[in-house]
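The values are calculated or read from the model by the stated rules, or taken from the named source; none is laboratory data. Just so we're clear, the structure is a prediction, and the values are computed from it rather than from any experiment. Backbone-built Cβ (ideal geometry, glycine too); neighbour counts: all protein chains shown. All accessible areas refer to the heavy atoms of the entire protein, side chains included, with ligands and DNA or RNA removed. Shrake-Rupley method; radii C 1.70, N 1.55, O 1.52, S 1.80 Å.
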Amino acid sequence: MVIAAPPRLLGEILVQEGLTTPDTIEQALARARTTGERLGEALVALGALSPAEVLRALALQQRLPFLGRDELPSPLPLVKNLSAKYLRQYTICPVSVEGGVLTIATADPLNPVVVDDLRQSTGLSVRLVVSAPEVITEAIDRTYDGAATPLQRIVEGMEDEGGAAGEEDINQLRDMAFEAPVVRLVNLLVESAIEAGASDIHIEPFEDTLRVRYRIDGILFDQEAPPRRLQAAVTSRIKLMAEMNIAERRLPQDGRIRVTLHGNRVDIRVSTIPTVHGESIVMRLLDRGSVFLPLERLGFGPRTLERFEALIRRPHGIILVTGPTGSGKTTTLYGALDKINSPDRKIITVEDPVEYQLKGVNQIPVKPKIGLTFATGLRHIVRQDPDVILIGEIRDLETAEIAIQASLTGHLVFSTLHTNDAPGAITRLQDMGVEPYLVASVLEGVLAQRLVRRICAACRVPDTPSAADLGALGIQGAADVRLWRGRGCDECRGTGYRGRTGIYELFNVTEDARSLILRRAPVREIRRAALDAGMTTLRLDGWAKACEGVTTVEEILRVTQEDA
């Protein structure tokens with residue numbers, strides 16, 4: 001067993017480096033005993049050494065690198081929860097964020113509080129380097145003062161926009177919403193989200209702060225937020241843009257905004273709900289230019305794609321796409337409609353809401369307030385002589401029965417369900433009250449899907465899977481398989497992932513499966529029959545993509561649940 005040598009005394013290092021003498025050290029120690037200063041501080045006060053010389057020796061004692069002025073990055077990397085005020089208070093600055101490790105330059109490496117605080121506030125491991133205080137301060141000034149963020153420049157100088165929550169009258173709220181800084185601020189939040197590739201903007205008021213988060217690749221990330229005092233102005237501006245009632249703050253509201261950015265038209269679905277500290281807002285960004293992806297680009301394996309394309313070209317029957325909210329079901333269905341859309345087919349959809357407009361397709365938005373539900377819309381659709389019908393979601397028995405009747409009368413029906421896997425759709429329909437003989441006669445296939453994040457191409461490095469992860473995935477004898485992971489870089493915001501792709505489980509309803517459905521067989525039996533017929537599970541499809549270097553085992557485990 002090797003025992004590490006204890007750190008040398010600072011005075012001993014300074015003498016060995018030829019920076020001072022033992023006598024000077026004794027004088028400094030005597031002063032330190034009287035004043036309570038550290039040895040280094042006493043040496044600087046006596047004029048025996050410069051602060052930089054003491055810091056270099058301290059770095060040597062603590063076995064830490066010492067960085068000079070030219071070795072600190074410019075500008076410094078921006079790290080969430082680390083404000084310029086906080087960095088100046090402790091004379092520290094971030095140097096890099098790589099692989100979940102935050103490297104921090106400090107002028108006081110003996111302060112243990114800072115390291116613990118940084119770990120808690122950032123959620124990252126912390127590695128220290130040492131630098132002179134004036135060098136750190138200059139780096140902070142260059143990054144934060146010389147290049148203030150656009151949001152800081154807008155907010156700077158804006159006055160307090162009113163009193164306590166609820167005290168503003170409607171005219172005051174309306175006036176605030178039309179003020180130029182507030183307009184620019186809301187526009188900036190939307191533009192930044194679109195440029196970051198976010199799918200949602202969350203604006204959440206709390207007692208002392210206003211929190212802004214973007215959902216990027218399915219994960220929420222904190223963003224720079226306006227001060228809490230601007231909450232009423234920001235909320236009013238968004239509600240006016242979405243044609244909502246700004247006077248109503250006690251009830252949830254829904255609205256829609258249409259904007260054009262860099263030639264792309266973006267629809268924004270806005271939802272507000274009242275909370276203890278004000279209205280919480282979620283804005284869903286629907287970029288019309290991003291949905292028209294051919295099925296070949298959605299992540300289907302060659303065999304699954306071939307079988308799915310054969311399904312969507314059937315003359316009649318029901319095809320379901322299942323998965324949780326945000327798993328890309330609508331994108332897949334639109335890709336399928338785009339694939340079969342032709343002048344000789346009439347396609348009608350009923351959706352809640354119509355997320356993207358498809359050329360040559362008749363799309364009907366659900367309006368429950370006036371009685372236009374999925375069921376009532378579907379009844380009238382059948383009289384419009386369609387060939388293909390898309391129902392946004394089968395939510396109840398009435399909608400399911402009308403969809404089944406439509407398929408029995410020669411229509412091809414697409415829809416979605418919320419189930420964990422493809423065979424689970426059978427049980428879900430039966431739980432709604434649909435008779436097994438109807439399910440068996442009309443259901444042609446079920447596609448279950450999830451979205452997994454793609455490994456960032458800019459920082460991709462080889463990786464070896466752990467036995468525990470492989471075991472959780474159900475993979476045996478693959479410990480020597482070389483996989484990949486993202487190390488974390490500026491392009492992927494330190495996450496190691498950039499973009500998403502789909503993993504799929506396609507259940508073709510065979511004659512054997514129909515027999516099982518007719519006798520109300522448990523879902524595990526139906527699943528076993530599907531696997532025997534060649535169905536690839538979500539996790540096995542994910543494993544194939546991990547072997548191709550597209551995603552990671554950890555990501556597959558995150559988005560899938562244990563097989564029954």
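Remarks
- Odd one out for residue 553, checked against (1) touching an Asp or Glu at 6+ places or on another chain (Cβ under 6 Å); (2) under 17 Å from residue 424 (Cα atoms): (2)
- Test for residue 473: is it closer than 30 Å to residue 520 by Cα, at pLDDT below 90 and among the aliphatic types (A, V, I, L, M): yes
- Pairs linking a residue in the stretch 202-222 that is without any contact (Cβ under 8 Å) to a residue 12 or more places away in the chain to a residue that is of a type outside the set (D, E, K, R) and open to solvent by 40 Å² or more (accessible area, probe 1.4 Å), with Cβ atoms under 7 Å and 6 or more positions apart or on different chains, do not occur.
- Whichever residue in the stretch 224-252 is modelled with pLDDT of 90 or more and more than 18 Å from residue 176 (Cβ to Cβ) and, among such residues, is surrounded by the fewest Cβ atoms within 10 Å (Cβ to Cβ): 250
- Verdict on residue 266 being assigned to a strand (DSSP E or B), at pLDDT below 90 and touching an Asp or Glu at 6+ places or on another chain (Cβ under 8 Å): yes
- Of everything in the stretch 139-164 that is within 30 Å of the chain's Cα centre (by Cα) and of a type in the set (A, V, I, L, M), the residue that is modelled with the highest pLDDT is 140.
- Extreme residue, farthest from residue 266 (Cα to Cα), among residues of the stretch 279-328 that are among the charged types (D, E, K, R) and under 18 Å from the mean Cα position of the chain (by Cα): 284
- Verdict on residue 502 being closer than 30 Å to residue 216 by Cβ and open to solvent by less than 30 Å² (accessible area, probe 1.4 Å): yes
- Of all residues in the stretch 322-373, those that are in contact with a His (Cβ under 8 Å, 6 or more places away or on another chain) and of a type in the set (Gly, Ala, Ser) total 1.
- Hey, residue 428 at pLDDT below 95, out of contact with any helix residue (DSSP H, G or I) (no Cβ under 7 Å at 6 or more places or on another chain) and over 23 Å from residue 310 (Cα atoms) or not: yes
- Residue check for residue 129: under 26 Å from the mean Cα position of the chain (by Cα), assigned to a strand (DSSP E or B) and of a type outside the set (Gly, Ala, Ser): no
- Of all residues in the stretch 363-387 being buried (at least 19 other Cβ atoms within 10 Å of the Cβ) and in contact with a Lys or Arg (Cβ under 7 Å, 6 or more places away or on another chain), the one that is farthest from residue 410 (Cα to Cα): 374
- Residue satisfying condition, being without any contact (Cβ under 8 Å) to a residue 60 or more places away in the chain and either touching a Lys or Arg at 6+ places or on another chain (Cβ under 7 Å) or surrounded by fewer than 23 Cβ atoms within 10 Å (Cβ to Cβ) (or both), within set 547, 492: 492
- Tabulated pairs, the stretch 316-333, first under 17 Å from residue 353 (Cα atoms), second outside any strand (DSSP E or B) and open to solvent by 10 Å² or more (accessible area, probe 1.4 Å), C-beta under 6 angstrom, 6+ apart or interchain: 330/355
- Scan of the stretch 67-79 for residues that are surrounded by 19 or more Cβ atoms within 10 Å (Cβ to Cβ) and more than 21 Å from residue 121 (Cα to Cα), ordered by number: 67, 72
- Pairs are defined by a Cβ separation below 9 Å, a sequence spacing of at least 6 or placement on different chains, a first member in the stretch 251-275 that is without any contact (Cβ under 8 Å) to a residue 12 or more places away in the chain and under 18 Å from residue 365 (Cα atoms), and a second member that is open to solvent by less than 30 Å² (accessible area, probe 1.4 Å) and acidic (Asp, Glu); the pairs so defined are 258/267.
- Residue 473 under 21 Å from residue 531 (Cα atoms), open to solvent by less than 50 Å² (accessible area, probe 1.4 Å), touching a Pro at 6+ places or on another chain (Cβ under 9 Å) and not charged (D, E, K, R): yes
- Condition met for residue 235 (part of a strand (DSSP E or B) and under 24 Å from the mean Cα position of the chain (by Cα)): no
- Listed here are the helices (runs of 4 or more DSSP H) enclosed by the stretch 1-94 that have at least 1 residues being in contact with a strand residue (DSSP E or B) (Cβ under 6 Å, 6 or more places away or on another chain) and farther than 19 Å from residue 118 by Cβ: 51-61.
- Residues in the stretch 80-96 that are buried (at least 19 other Cβ atoms within 10 Å of the Cβ) and modelled with pLDDT under 85: 82 only.
Residue-by-condition table, conditions (1) over 30 Å from residue 250 (Cβ atoms); (2) at pLDDT 80 or above:
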position	(1), (2)
107	yes, yes
123	yes, yes
135	yes, yes
166	no, no
183	no, yes
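- Pair list, Cβ under 8 Å, 6 or more apart: the stretch 388-407 residue under 14 Å from residue 439 (Cα atoms), other residue among the small types (Gly, Ala, Ser) and crowded, with 22+ Cβ neighbours inside 10 Å: 394/400; 394/403; 394/415; 403/415
- When 450, 454 are checked against the criterion of being open to solvent by 30 Å² or more (accessible area, probe 1.4 Å) and among the basic types (Lys, Arg), 454 stands alone in meeting it.
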